[in-house]
Amino acid sequence: MVEQWYRKPWVAGSIPVLGSSIKNFMKKSKNNLAFIDGQNLYLGITSDRPSWKIDLVKFRKYLLQKYSIHKAYYYLGFVDEKNQSLYEEIQNAGFILVFRQYNNAMLSNKKGNVDSDIIFNVMKRLYKKEAFDNIILVTGDGDYKMLVDFLIEENRFEKLLFPNRQYRSSLYKRMPSRYYDYLSNEGVKEKIKKGVPLGN
């Protein structure tokens, strides 16, 4: 029951935190998609020194205004009733929340890896020729390297956003700098972290 309720997505035009001026911007801009590895993002942000917390509303606004992200899919490993407030926070910020599907044996281990789910869903959209421009990934996991290389080759890749420098896989060390950025960079962090007035 909880899992089904949290899978209900926001559509781009109904994101509650966005004003009318931003919605007009969405109509004129590119139509990019973001896929966020939620566990990798959380671990990367909290392992940064000094550690900091991300403001999901600011982050969603940043993705839209900086990268023209009309839909942002936020992947988590499994449903846990104790995290109900977090799930609501993610969706209220305008992200589409997606959980992994598990059988009983997998649930007992509570594994949170979502890389195969994200890779499959990106490739499915390309195969079905869905109407979007480019892909953004938010992760530092090297398991996405082959996907990133393929998207670059096909001119369907926008940016890879690493949580911080330490959480970037060494597999990406030869990637041209135009294809990646760090959320921990001061210019980015000041726009998306908690404790800074919205609009700064």
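The values are calculated or read from the model by the stated rules, or taken from the named source; none is laboratory data. What you are looking at is a predicted structure, and each value in this text was computed from that prediction instead of being measured. Positions of Cβ are backbone-derived with ideal geometry, glycine not excepted, and every protein chain shown enters the neighbour counts.
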Sort out which residues of segment 76-89 are in contact (Cβ under 8 Å) with a residue 60 or more places away in the chain and in a helix (DSSP H, G or I), and write them in order of number. 81, 84, 87
Restricting attention to segment 181-200, and to residues there that are of a type in the set (A, V, I, L, M, F, W, C) and surrounded by 11 or more Cβ atoms within 10 Å (Cβ to Cβ), which single residue is farthest from residue 34 (Cα to Cα)? 196
So which residues in segment 43-57 are free of Cβ contacts under 8 Å to residues at least 60 places away in the same chain and within 15 Å of the chain's Cα centre (by Cα)? 56
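One line per residue, one yes/no per condition, for (1) over 20 Å from residue 98 (Cα atoms); (2) without any contact (Cβ under 8 Å) to a residue 24 or more places away in the chain; (3) touching a Cys at 6+ places or on another chain (Cβ under 7 Å):
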{"site": "132", "(1), (2), (3)": "no, no, no"}
{"site": "141", "(1), (2), (3)": "no, no, no"}
{"site": "151", "(1), (2), (3)": "yes, no, no"}
{"site": "169", "(1), (2), (3)": "yes, no, no"}
{"site": "175", "(1), (2), (3)": "yes, no, no"}
{"site": "180", "(1), (2), (3)": "yes, yes, no"}
{"site": "185", "(1), (2), (3)": "yes, yes, no"}
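Restricting segment 58-82 to residues that are among the aromatic types (Phe, Trp, Tyr) and within 14 Å of the chain's Cα centre (by Cα), which is nearest to residue 193 (Cα to Cα)?
So the residue we want is 59.
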Selected residue (only one of 168, 156, 178 is out of contact with any Ser or Thr (no Cβ under 7 Å at 6 or more places or on another chain), basic (Lys, Arg) and buried (at least 18 other Cβ atoms within 10 Å of the Cβ)): 168
Given (1) outside any loop (DSSP other than H, G, I, E, B); (2) modelled with pLDDT under 90; (3) under 23 Å from residue 134 (Cα atoms), number of the condition residue 73 does not satisfy: (2)
